[in-house]
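The values are calculated or read from the model by the stated rules, or taken from the named source; none is laboratory data. A quick note: this is a predicted structure, and the numbers were derived from the prediction, not measured. All Cβ positions, glycine included, derive from the backbone under ideal geometry; neighbour counts span all protein chains shown.
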Amino acid sequence: MPIESYDFQTFAEWFPGAFAYWAAVMGCLLVGGLITGFFVSVLRSGPMRAVEVVGRAVRDLVLDMTLLSPRRILALAWVAVKEAVRRRVLVVFALFLVLMLFAGWFINTASDHPERVCIGRLVFPAMWVLTFLLGLFLSSMSLPLDIKNRTLHTVVTKPVRQSEIVLGRILGFAAVGTLLLAAMGVIGWLFTIRTLSHTHTLTAGQLKEETTPGSQTSLLKGKTSAASGHQHAVTIDASGEAVVEMKQGHTHDLYIEGEGDDATYTLEGPKDQLVARVPIYGKLHFLDRAGNEAEKGVNTGDEWTYRSFIEGAGRMAAIWEFKGITQRAFPESEFPESIPLDLTIEVFRTHKGDVSKAVAGGLWLRNPDTGLKVEAQVFGAKKFSRDVRPIPRSIEVFKKDAKGKPVKDANGRPVRETYDLFRDLVTPDGRVEVWLQCLEGGQYFGMARADAYFHARDASFVLNFVKGLLGIWMQMALVIGFGVMLSTFLSAPVALLATVFVIVGGIFRDFIVDLAAGKTYGGGPWESAIRLFTQQNQIVELEPGLRTSAALTFDTIAKPALWMISRVLPAFGNFEFDDYVSYGYAVDGDLLLRCAFQLIGFLLPLTVAGYFFLKNREVAR
Amino acid sequence: MSPEKTADPRRRSFYRKLAYVAGICLLLFPLFVLGHPATHGTRDTPGRSGGVLAQLRNDPEHGFSQTQLGEIDMTSETFKLATLGMRGIAVQVLWAKYNKYRMQKNFSFAWDLLQQLKQLAPHFTKVWEHLAWDITYNVSVAQDDYKDKFFWVVGGAKYLKEGIALNGREPRLPRELGRFISQKVGRADETPLYRALFRDEAWFQTEGEGLPLNAGYNEQTQTREHLVLRDNWQVGKAWYREAERVLAEYHVYAPGLSRPVFYSDAPLAQMYYAMALEKDGSFDKVAEDAWHTAGRDWREFGERELPAGDEGTVRLNDYEPLVQEANECTTALDKLAPGVRDEIRGEKVAKLRSAERKALDTPADKRTEDEVRAAYEAQSRIEVTNDEVANRLAQSLRRQLRKLPRDSEEAQGMERKAKEALSLAQRAAKAQEQAKRIDRQRSIVNFAHWRLRAEVEQTRDMLDARRAIYDADQAMAGAQIAAALAGYEKGFALWRKVIDSHPALAEDSEFGYDVIEAVNRYRRARGQDEKADLPQPFILQDVLNKHEKRR
């Protein structure tokens, strides 16, 4: 599963373009709103009066949005909180507790990666659903019910600005959601730790002595007891060093006391299961069959074109250009022998070859400034799994002349030379190229940009978990913003429905964008409807006729509307960090910052729109 | 208004209400009879079978009760309840996600979705079949490391096993499981590696209750037992037997399930087990016993009554006795009517066109394409049936009878002869018809080939021949040419001996293929290419001539 750092753009790279786009959209909406308001006023009261009305509206907007009183906003937020508690929002928390109590039934601890199931399939989705429901019901029903019960009258008759009412509601409901989310987060965290916690037992009877062929040393090999649907293979060498096999994404520390048959073996809890890796990604490009630069590799016919492929035993290569590979990022005290390069490769065989052996690949390092290129290692590719390739700090190779032939000494023996990674292969500013090639003819390696990264350090998993909760919080804030805005001019059930449409539209935003661009199979909404009712698949051409022509025409009209709708819908998927948390990758600050600014980018116009709609309602005037 | 008139509407209302209550009370009786639930008994009180509906539900013949489908999984029931009636939508969404994860090769998440899908649709057997097949056949093949492939093969099989527990009356599921285990493990490019991994029990361990996937099967008691099997074909056979038990015990209506193919699965798995032993280099008593068991299983299969569509039931072993009976009737008829068959044939030949006659007269290997067609048509036209012979005899006897007194012994003898001829013709026709029906079913499962195979392979000569060829192959791989040549020649001599004692073997195409392949390896050992002539006279030249042309 690719966990990409959001198009790999830093916040500084993203912000100018995004801000300009946002400003343009806001500008269009504002100008469009003003023009519409002007024309409506003209129809009502004539052009001179319309100018006065529009001018007053703009003046009031500027005043009401700038002369906000934090004290009044907080007071209104507190009222919203009390109202939410009165409406028994704590039921949500109770629901979550009940869910967690029985959630164990639905977790398959024998899964390949139970932490992904626990976090990504249960804890975070449960919190997401409950906070969404909370935000939906609170925000969309509050104002309309207050207006209906005339309790809002007691507020609007006070010297309170409509903008403060809207902001107060948003803040108040967001505060309630935050508290509940925090509580659910703690419970969810405890549930995760408890579910994944396990250990195994190992006794002397489970170990057998094995001698490595061609060696004098013997090893103790065996398997631990089964727990959570798995066992670990254990290897203990003569010096007592124990290696516990990595299984289901984790291992255990093994402590040995005593010797021989009287030895006792104690295994600790799971290690390396809940992590938050901080990756250093590079830029990827390829060399084609002729050895020329290319943006993409070969397509092997895979339906999913996320990865590009390179052919084996030829000139094709995948090249990552990394920055930030410095001694400081990889201090010798923490990385004494090598620095870890995490590699995920897809292997495509055009012929079976030797099925008992992995397809061989090679890694080279190249200094982009000096051009020095050295073979780091040859390895067997592991498909669909994260393969940690240690890149040695000191690389010894056979010396070659300009023509690539091995250089020999006076005795005819090949001469070796040693290169230091940071001195010879990495530039002073931390740049280095990593080349990957497939070494077997007729076989292919597939990769994408995120498939190779240097694993510099691990961030705190707890902090990462909190960042995941932040993602849910931001989505909840968006729902609250839309709910409050829509409730300023719609009745409670209609506002509820409208907010549900926004949520559904936001979840499927990418699909709507593809639909508007005509990239989906089966055509637009009308064509799809015909296919559904006539039970045709998405690929077959529709029969030509009046019905088909009408459907295609309506779809053509619908596309710009869909495009416009997709521009104002929030892409909830951008705020989801549960994959990062469950797959063990740190949510980086740039991504959080981008999402925070996106949230502000939505909340600001929602507040303004809510203000306008509430202002124009005749509430206790 | 008078008091009586004002009281009347209230009283009418009261009487109406009384009538409703009385009606409800009356209806309670039939409702109770129909709908009261069944109860379990305790030590002191017996259980009750419940009302009509409860009895119908629990009647094994109808099988309406959910408990009769299989086990009930509480998690699944809770899950279904939690969807609040939107189970169908939930299944659709999950399935769409499953396809997306499959496309992205995110097999971990796809596998986890399967766990949810199985809880939402536990009694849809097609769901189990399809998903288990997808995992075993498609996800496994997407892996590169053979251990990862095996992991997913076993994973799909384990998944299907869970479905069997929940659908105890569905024979297709254990049959599919048998197929996955036997064929996916036993007929892949990675088979030698898979079979080595299969012997490790750890792959099949499961937490919780129940026998593991590779548990044995007791054919006497028809139950799975606590005996670990380490061969995929044996495990497959165990599951095939389980499928047979389910079909027999519950009389399941299974349209589209071909019974000859269904019942041939287990004996064929036994045959493949024996062949796999030989491929692994085992030719001793174990292999001999395996073939012996295969032969016995195939004989038992031949004795089984199998439905033959609209044609009633047949037993595959009845073919030869029926053919013999038909031949005996034909011979007896020809004795009764000597020369009649030739006479009729002559008449038919006379009616042939000259081209057809010429085609018939031309030797088969020298005919042109048109002559082959013409000869085939001509042959069917000059075929003389037993009915024709019997009728001709009867006609001739009747003509003679007119000249004789009715009561005379001679006349009576002629009558008896005519009747006997017609009876013989009828019996022969009936036997031939039944034999044809059986032959159609036999051809579906290649019955004759496998029967011969089992019969021949269990002989010591054949096992020794196979061992000699195997040793020769091993010697070739080790570049020991002299030993290889000696091995091949020994093997060929033993094969000759087997063919001489079982002449039908020479006609068998599978055996012919084995011979050709072994001879080609022999040729390579002699340093020749495949088309080079072998030293003459070659001991198996007749087999080569027969089968090389067919290839």
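Taking every residue in the range A:235-252 that is crowded, with 17+ Cβ neighbours inside 10 Å and pairing it with any residue that is part of a loop (DSSP other than H, G, I, E, B) and small (Gly, Ala, Ser), at least 6 positions away or on another chain, the pairs with Cβ-Cβ distances below 9 Å are A:Gln248/A:Ala110; A:Gln248/A:Ser111; A:Gln248/A:Ser228; A:Gln248/A:Gly229; A:Gly249/A:Gly584. Which of the following residues is among the acidic types (Asp, Glu), within 14 Å of chain A (Cβ to nearest Cβ), part of a helix (DSSP H, G or I) and closer than 25 Å to B:Asp134 by Cβ: B:Glu242, B:Glu162? Every option except B:Glu162 fails the conditions.
When A:Glu321, A:Glu303, A:Glu337 are checked against the criterion of being in contact with a helix residue (DSSP H, G or I) (Cβ under 6 Å, 6 or more places away or on another chain) and among the charged types (D, E, K, R), A:Glu303 stands alone in meeting it.
A count restricted to the range A:207-236 and to residues that are within 14 Å of chain B (Cβ to nearest Cβ), at negative phi and at pLDDT below 85 stands at 4. State which residue is nearest to B:Ile181 (Cα to Cα) when the search covers only the range B:113-155 and only residues that are among the charged types (D, E, K, R) and within 14 Å of chain A (Cβ to nearest Cβ). This residue is B:Lys149.
Take the conditions (1) within 23 Å of B:Ala215 (Cα to Cα); (2) under 27 Å from the mean Cα position of the chain (by Cα); (3) within 11 Å of chain A (Cβ to nearest Cβ); B:Glu170 misses just one of them, which is (3). If the condition is being in a helix (DSSP H, G or I) and away from chain A (no Cβ under 11 Å), then the range B:79-91 contributes B:Lys80, B:Leu81, B:Arg87, B:Gly88, B:Ile89, B:Ala90, B:Val91.
Screening the range A:373-400 for residues that are hydrophobic (A, V, I, L, M, F, W, C) and part of a loop (DSSP other than H, G, I, E, B) and picking the one that is surrounded by the most Cβ atoms within 10 Å (Cβ to Cβ) gives A:Ala381.
Pairs linking a residue in the range B:92-109 that is facing chain A (nearest Cβ under 9 Å) to a residue that is charged (D, E, K, R) and exposed (fewer than 15 other Cβ atoms within 10 Å of the Cβ), with Cβ atoms under 8 Å and 6 or more positions apart or on different chains, are B:Met103/A:Glu303. Only one of B:Val515, B:Val498 is closer than 28 Å to B:Glu288 by Cβ, assigned to a helix (DSSP H, G or I) and in contact (Cβ under 8 Å) with a residue 40 or more places away in the chain; which? Residue meeting the stated conditions: B:Val498. Do we have any residue at all in the range A:452-462 that's more than 25 Å from A:Val581 (Cβ to Cβ) and either surrounded by 14 or more Cβ atoms within 10 Å (Cβ to Cβ) or of a type in the set (Val, Ile, Thr) (or both)? Scanning the range A:452-462, I find no residue that is more than 25 Å from A:Val581 (Cβ to Cβ) and either surrounded by 14 or more Cβ atoms within 10 Å (Cβ to Cβ) or of a type in the set (Val, Ile, Thr) (or both), so the answer is no. Among residues of the range A:349-362 that are in a strand (DSSP E or B), those with a Cβ under 9 angstrom from a residue that is among the charged types (D, E, K, R), sequence gap 6+ or separate chain, pair up as A:Arg349/A:Glu440; A:Arg349/B:Asp144; A:Ala360/A:Glu440; A:Gly361/A:Glu440; A:Gly362/A:Glu375. Among all residues of the range B:214-234, there is none that is in a helix (DSSP H, G or I), within 26 Å of B:Phe447 (Cα to Cα), out of contact with any strand residue (DSSP E or B) (no Cβ under 7 Å at 6 or more places or on another chain) and free of Cβ contacts under 8 Å to residues at least 24 places away in the same chain.
For the condition more than 16 Å from B:Lys279 (Cα to Cα), assigned to a helix (DSSP H, G or I) and in contact with a helix residue (DSSP H, G or I) (Cβ under 6 Å, 6 or more places away or on another chain), B:Ala483 qualifies. Would you be able to say whether some residue in the range B:125-135 is buried (at least 19 other Cβ atoms within 10 Å of the Cβ) and either outside any helix (DSSP H, G or I) or touching a strand residue (DSSP E or B) at 6+ places or on another chain (Cβ under 6 Å) (or both)? No; the residues of the range B:125-135 include none that is buried (at least 19 other Cβ atoms within 10 Å of the Cβ) and either outside any helix (DSSP H, G or I) or touching a strand residue (DSSP E or B) at 6+ places or on another chain (Cβ under 6 Å) (or both).
Looking across A:Thr427, A:Thr370, one residue alone is modelled with pLDDT of 90 or more and exposed (fewer than 12 other Cβ atoms within 10 Å of the Cβ). It is A:Thr370. Note on the range A:100-203: enclosed helices (runs of 4 or more DSSP H) holding 2 or more residues that are at pLDDT below 90, closer than 24 Å to B:Lys97 by Cβ and within 23 Å of the chain's Cα centre (by Cα) are A:124-149, A:162-196. Listed by first and then second residue, the pairs linking a residue in the range B:329-354 that is in the same structural domain as B:Arg373 (by TED's automatic domain parsing) to a residue that is among the polar types (S, T, N, Q), with Cβ atoms under 6 Å apart and 6 or more places separating them unless they lie on different chains, are B:Thr330/B:Asn386; B:Leu333/B:Asn386. Looking across the range B:280-338, the residues that are among the hydroxyl-bearing types (Ser, Thr, Tyr) and either surrounded by fewer than 14 Cβ atoms within 10 Å (Cβ to Cβ) or touching an Asp or Glu at 6+ places or on another chain (Cβ under 8 Å) (or both) come down to B:Thr313, B:Tyr319, B:Thr331.
For the range A:345-394, a residue qualifies if it is aromatic (Phe, Trp, Tyr) and within 11 Å of another protein chain (Cβ to nearest Cβ), and the qualifying residues are A:Phe348, A:Phe384. Exactly one residue among A:Val494, A:Val587, A:Val500, A:Val568 is among the aliphatic types (A, V, I, L, M), surrounded by 12 or more Cβ atoms within 10 Å (Cβ to Cβ), under 30 Å from A:Leu134 (Cβ atoms) and at pLDDT below 90, and that residue is A:Val568.
The residue of the range A:294-312 that is farthest from A:Ala360 (Cα to Cα), among those that are away from chain B (no Cβ under 13 Å) and of a type in the set (S, T, N, Q), is A:Asn299.
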